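The values are calculated or read from the model by the stated rules, or taken from the named source; none is laboratory data. Note that this is a predicted model, so its numbers are computed, not measured. As a convention, Cβ positions derive from the backbone with ideal geometry for all residues, glycine included, and neighbour counts pool all protein chains shown.
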Amino acid sequence: MKNRDKWQPSKFIFKNGKLIASRDKKEVGVASRLVADLVAELYDKNLKNNAKGKLLDLGCGKVPLYNAYKQYITDNICVDWENTLHKNEHLDFECDLTKELPFEDEEFNTIILSDVLEHIPNPEVLWKEMARILSRDGKIIMNAPFYYCLHETPNDYYRYTEFSLQRFVKNSGLNLVQLERIGGSPEILADILAKHFQFIPLIGVFLAIGIQYIVGLLLRTGFGKKISRKTSEAFPFGYFLIAEKK
């Protein structure tokens, strides 16, 4: 990663030893804190057991996960495309993620693909390339939204079911290690309401923060966890996936 010494936290921060969404409105909108917290929790829980060696951060943006994975790897290469809204001084390569990537076969032990797949118009090409450059026993660690608003338009193309993600893994010759649904109906409803409430004059921001906070408290209870889990099969907020090359 270029200019490693100048890196600063952006989308994710550590608080009390836990990775969470930044509360800086310039990094994470007030109506997106809940979903960002959910994603942060999954990376925080899984990176330590799965990230290793030379890591490729694809569609890296501001490299928000760097602080979460840096202690588990030997090196990280940051790649994004010219259409990114998050240009920064840490990019090692700027290239089209829908074409052949400028790396050797089996060069990387870990690939991160966080909130990127929905922005790739030709995803099969990217999966083929990831499988090519991933080392034996290397892993792809990624997440993708499902019930989520359009974002970074016009470069927002798809929403994937768990079955399409499984198909990508299988057709790329990889093994599925983990596929976890991120949230269910409570999280989706809170996100939709927050994204609408935020525009109400004077009180909108407080309402957006409040609804997410209340649902967050609910999800800490057994009842809330049960509702989220039961509804996530038909109404997933998104998915977290780990695939391995054998």
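Based on what the data block shows, is ALA144 crowded, with 18+ Cβ neighbours inside 10 Å and in contact with a helix residue (DSSP H, G or I) (Cβ under 8 Å, 6 or more places away or on another chain)?
Details: crowded, with 18+ Cβ neighbours inside 10 Å: yes; in contact with a helix residue (DSSP H, G or I) (Cβ under 8 Å, 6 or more places away or on another chain): yes.
Criteria met by ALA144.
Checked across region 192-204, the condition of being on the phi > 0 side of the Ramachandran plot and not aliphatic (A, V, I, L, M) holds for no residue. Set side by side, the residues GLU129, GLU118, GLU89 differ, and just one is assigned to a loop (DSSP other than H, G, I, E, B) and not aromatic (Phe, Trp, Tyr), which is GLU89. Of the residues making up region 1-33, those that are more than 16 Å from the chain's Cα centre (by Cα), of a type outside the set (D, E, K, R) and more than 21 Å from ASP57 (Cβ to Cβ) number 4.
Restricting attention to region 75-132, the residues that are under 13 Å from GLY61 (Cβ atoms), touching a residue at least 40 places away in the same chain (Cβ under 8 Å) and touching a Cys at 6+ places or on another chain (Cβ under 7 Å) total 3.
Do we have any residue at all in region 149-162 that's crowded, with 22+ Cβ neighbours inside 10 Å and not polar (S, T, N, Q)? First the steps, then the outcome.
First, pick out the residues of region 149-162 that are crowded, with 22+ Cβ neighbours inside 10 Å: none.
Checked against the condition, which is being crowded, with 22+ Cβ neighbours inside 10 Å and not polar (S, T, N, Q), region 149-162 yields no hits at all.
Conditions tested, residue by residue: (1) closer than 20 Å to GLU180 by Cα; (2) out of contact with any strand residue (DSSP E or B) (no Cβ under 8 Å at 6 or more places or on another chain); (3) not basic (Lys, Arg).
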| position | (1), (2), (3) |
| --- | --- |
| PRO9 | no, yes, yes |
| PHE14 | no, no, yes |
| ILE20 | yes, no, yes |
| ALA36 | yes, no, yes |
| LYS48 | yes, yes, no |
| LYS52 | no, no, no |
| GLY59 | no, no, yes |
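Strands (runs of 3 or more DSSP E) fully within region 132-246 that include at least 3 residues being of a type in the set (Val, Ile, Thr), within 18 Å of VAL35 (Cβ to Cβ) and at pLDDT 95 or above: none found.
Right, VAL215: β-branched (Val, Ile, Thr), touching a residue at least 24 places away in the same chain (Cβ under 8 Å) and closer than 30 Å to GLU244 by Cβ or not?
Working: β-branched (Val, Ile, Thr): yes; touching a residue at least 24 places away in the same chain (Cβ under 8 Å): yes; closer than 30 Å to GLU244 by Cβ: no.
When the stated conditions are applied, VAL215 does not pass them.
Suppose we filter GLY222, GLY210, GLY184, GLY173 for residues that are of a type outside the set (D, E, K, R) and surrounded by 16 or more Cβ atoms within 10 Å (Cβ to Cβ); which single one remains?
Details: GLY222 fails: surrounded by 16 or more Cβ atoms within 10 Å (Cβ to Cβ); GLY210 fails: surrounded by 16 or more Cβ atoms within 10 Å (Cβ to Cβ); GLY173 fails: surrounded by 16 or more Cβ atoms within 10 Å (Cβ to Cβ).
Exactly one residue qualifies, and that residue is GLY184.
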